[in-house]
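Novice: Take this structure, written in structure tokens, and hold onto it; I'll ask about it next.
The values are calculated or read from the model by the stated rules, or taken from the named source; none is laboratory data. Model, not experiment: these values are computed from the prediction. Glycine also receives a Cβ, built like all others from the backbone with ideal geometry; neighbour counts cover every protein chain displayed.
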Amino acid sequence: MGIFYLMYKIILILILLLSNLFSNNIQNNISWYSSYDKALEIAQKEKKNMMLFIASSKDKNSNEILRKHFQNQDYINYLNTNFISVLITVEHKTSYPIELFYTTNFPSIFFASYKDESFLTHPIYDFKSKEEFIDILKSINIK
């Protein structure tokens with residue numbers, strides 16, 4: 001009876017840890033789209049504006065910003081609730097209309113209307129502080 005009780009506790013702990021791990025992954029990440037066309041379709045359906053993060057896989061700064069700043073729970077909650085987020089790498093140029101969102105600065109953040117793909121603000125080339133970026137997000141979330 002003692003060994004079965006111990007095994008039961010170990011299995012129960014593993015189940016709890018795994019369920020917590022999977023639920024955290026679902027709730028604690030930005031819902032990124034890699035296809036611009038699919039993101040636009042979803043944005044129009046949900047009536048949400050789009051945030052496009054254009055990066056280069058060769059640029060350390062792009063990767064650092066994604067890793068450090070876009071793991072922030074304030075950004076995650078606000079972006080998932082109010083925007084359709086698109087992560088584009090320039091090495092895959094066919095995944096978005098490059099003529100509309102052309103840049104040579106990485107990373108670049110564009111905000112586009114779900115209605116007509118027009119710019120909602122100037123592109124962001126230098127990453128702002130947490131508070132400043134949240135203010136920008138709130139100011140352009142015009143439906």
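Novice: Touching a helix residue (DSSP H, G or I) at 6+ places or on another chain (Cβ under 9 Å), of a type in the set (Phe, Trp, Tyr) and surrounded by fewer than 20 Cβ atoms within 10 Å (Cβ to Cβ): which single residue out of 70, 119 fits that description?
Specialist: Values: 119 fails: touching a helix residue (DSSP H, G or I) at 6+ places or on another chain (Cβ under 9 Å).
Step by step, each of 70, 119 is checked, and only 70 is touching a helix residue (DSSP H, G or I) at 6+ places or on another chain (Cβ under 9 Å), of a type in the set (Phe, Trp, Tyr) and surrounded by fewer than 20 Cβ atoms within 10 Å (Cβ to Cβ).
Novice: To continue, here is another question. Pick from 109, 124, 134: which is farther than 15 Å from residue 52 by Cβ, under 16 Å from the mean Cα position of the chain (by Cα) and either modelled with pLDDT under 85 or in the same structural domain as residue 78 (by TED's automatic domain parsing) (or both)?
Specialist: Values: 109 fails: farther than 15 Å from residue 52 by Cβ; 124 fails: farther than 15 Å from residue 52 by Cβ.
Step by step, each of 109, 124, 134 is checked, and only 134 is farther than 15 Å from residue 52 by Cβ, under 16 Å from the mean Cα position of the chain (by Cα) and either modelled with pLDDT under 85 or in the same structural domain as residue 78 (by TED's automatic domain parsing) (or both).
Novice: Right, here's the next one. Name the one entry in 65, 11, 42 that is of a type in the set (A, V, I, L, M), in a helix (DSSP H, G or I) and at pLDDT below 75.
Specialist: Details: 65 fails: at pLDDT below 75; 42 fails: at pLDDT below 75.
Within the list 65, 11, 42, the selection yields 11.
Novice: Give me the pairs, please: first residue somewhere in segment 43-67 and at positive phi, second residue anywhere and surrounded by fewer than 16 Cβ atoms within 10 Å (Cβ to Cβ), beta-carbon distance under 8 Å, and either six or more positions apart or on two chains.
Specialist: Sorted first by the residue in segment 43-67, then by its partner, the pairs are 47/143.
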